[in-house]
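The values are calculated or read from the model by the stated rules, or taken from the named source; none is laboratory data. The shown structure was predicted, so the numbers you read here are calculated from the model rather than taken from an experiment. As a convention, Cβ positions derive from the backbone with ideal geometry for all residues, glycine included, and neighbour counts pool all protein chains shown. Note: areas computed on protein heavy atoms with side chains; ligands, DNA, RNA excluded. Shrake-Rupley method; radii C 1.70, N 1.55, O 1.52, S 1.80 Å.
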Amino acid sequence: MELLKKLYKWIDVRIGAGEIVEKELTGYLLPRNINAWYSLGSVLLFIFALQVVSGILLLIYYVPDADKAFKSVTYIMNDVPFGWLIRMCHAVGSNMMVLVLLLHMLSVLCMGSYKSPREFNWLTGFILLTMVQGISLTGYLLPWSQLSFWATTVATNSANAIPVIGPHLVEFLRGSKMVGPATLGRFFALHVAVIPIGIAAMIGAHLFFLKRTGVSTPPFGRDGTTTPWTGDAYRYEGHPGGIPFFPNYALEDLRSVFIYLALFLAVVFFDPYIFFPRDAFLPANPLVTPAHIKPEWYFLANYQTLKIFPNELIGLSVQGAAMTFLALLPFIDRGRERHPLKRPLFLACAIGGLLLWIGLSVWGHYS
Ligand code: HEM
């Protein structure tokens, strides 16, 4: 202990560590009525770190070659000590990341914290959502199973509906006319390098904007009303008399991380194949089309939307319009009110949109 104190003092004298701790941790005050929903961001940071670590470990034995990929994954599952655990953590973790991401978005939507001056927080968050979708899509191909091969064929095929550039775009995405070794090469590069670096950079931007605006005050309880921001000058939303981030809220973050870990490990140990349909266990065969090929649960609504319209272009345009609407939400919904119950139009649209998404997903699953 004495030694640690001496070490801390040694560092402090050189780089002013005490000042940083005071400014960023113990003196960084959060709203007094802050709730557990605000810890989902930290849970996401934790999940991303776990995905990076488990992904690097998988890279030790995974071979990104169309002839060897499936065998290498089977080897990881059956022969590498704890290989099954690492792979299951990575596969289950990717699904959990999307789930927690959606919950984080839902909480930001309900508490109106996407509203000005937090447009940049929302926009960087939205880009993170699309990048997480991209990393899942590219990762799906890597095991080179029947599921990987055909799900990627269906997903890339949908770009064909775009007039003029569609067929060129499909060939560009696949690296050839059909999904094949060239597709595996580019999806591998995107999955292990381009997108993770992009996500890390975007998380940095997301946190930078959070630091500049300050954490929003939840619109609930006695402390729920804050001085409205006029938009004329920059204002940091500080919280004098609030809860210190360290140790108080950091412990709340930790509690949420442990609750997450309990749920995550319960899936990993008791029902790891919940996210693996039968075709995930068969090697890719371009000559045999499986009877039912479905994307992951979070793409089922997109998949069903493409199917219900007679023309794929209409289906794609509807999805593009919905995503653009979501991206531009802070610029469309400009009201100052943040309490969800005092925003009846928002609440009706949010509940309607959520039910529609769930309905389309269930329909996609059983169709
Ligand atoms: C990898 C994905 C993401 C990570 C790691 C992440 C991380 C964080 C963290 C640590 C916070 C601060 C604490 C909190 O309010 O939870 C935060 C706040 C925020 N996030 Fe995210 N986020 C991610 C994705 C998203 C997405 C998809 C959106 C919405 C499209 C979003 C919108 C916001 C907004 C508006 C805030 C400000 C909330 C406030 O000040 O009350 N984030 N995020």
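Laid out as a table, the results:
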| read-out | value |
| --- | --- |
| Whole-angstrom gap from the stretch 245-282 to the stretch 321-367, using each part's C-alpha centre | 27 Å |
| Dipole moment magnitude, nearest 20 debye, the stretch 212-355 about Cα centre, only Lys, Arg, Asp, Glu C-beta charged | 320 debye |
| Nitroxide proxy distance, nm - points 7 Å out along Cα→Cβ at V53 and W363 | 4.2 nm |
| Stokes-Einstein D (µm²/s) once Rh is taken as the Kirkwood radius of the chain over alpha-carbon pairs, at 4 °C in 1.567 mPa s | 56 µm²/s |
| The chain, dipole about Cα centre (Lys/Arg Cβ +1, Asp/Glu Cβ -1), debye to the nearest 20 | 400 debye |
| Per residue accessible area in Å² of the chain, where ligands, DNA and RNA are left out and the probe is 1.4 Å | 56 Å² |
| Inter-label distance for L4 and F325, nm, one decimal - labels placed 7 Å from Cα along Cα-to-Cβ | 5.3 nm |
| At R0 = 25 Å, FRET efficiency that the Cβ-Cβ distance of E22 and Y236 yields, to 0.05 | 0.90 |
| Cut-off under 5 Å, modelled amide H: who pairs with S145 long-range | A284 |
| Accessible-area value, E337, 1.4 Å probe, nucleic acids and ligands omitted, Å² | 80 Å² |
| Rounded, prolate or oblate (a/c below 1.5 giving rounded, otherwise prolate when a/b exceeds b/c) for the stretch 75-191 by Cα gyration tensor | oblate |
| Alpha carbon convex hull of the stretch 247-367, volume per residue in cubic angstrom | 201 Å³ |
| Overall Cα dimensions of the stretch 1-49 - principal axes, largest extent first, Å | 38, 27, 20 |
| Compactness relative to 2.2 N^0.38 Å, alpha carbon Rg of the stretch 304-367 | 1.35 |
| Surface share of carbon and sulfur [accessible, 1.4 angstrom probe, percent] for the chain | 72 percent |
| Pair T130, F220: separation of 7 Å Cα→Cβ label points (nm) | 3.2 nm |
| Relative contact order [Cα under 8 Å, 6+ residues apart], the stretch 146-188, whole percent | 27 percent |
| For the stretch 121-180: span of alpha carbons on each principal axis (Å, largest first) | 39, 32, 15 |
| Tensor-based shape of the stretch 15-76 (alpha-carbon gyration tensor, a/c under 1.5 rounded, otherwise prolate or oblate) | oblate |
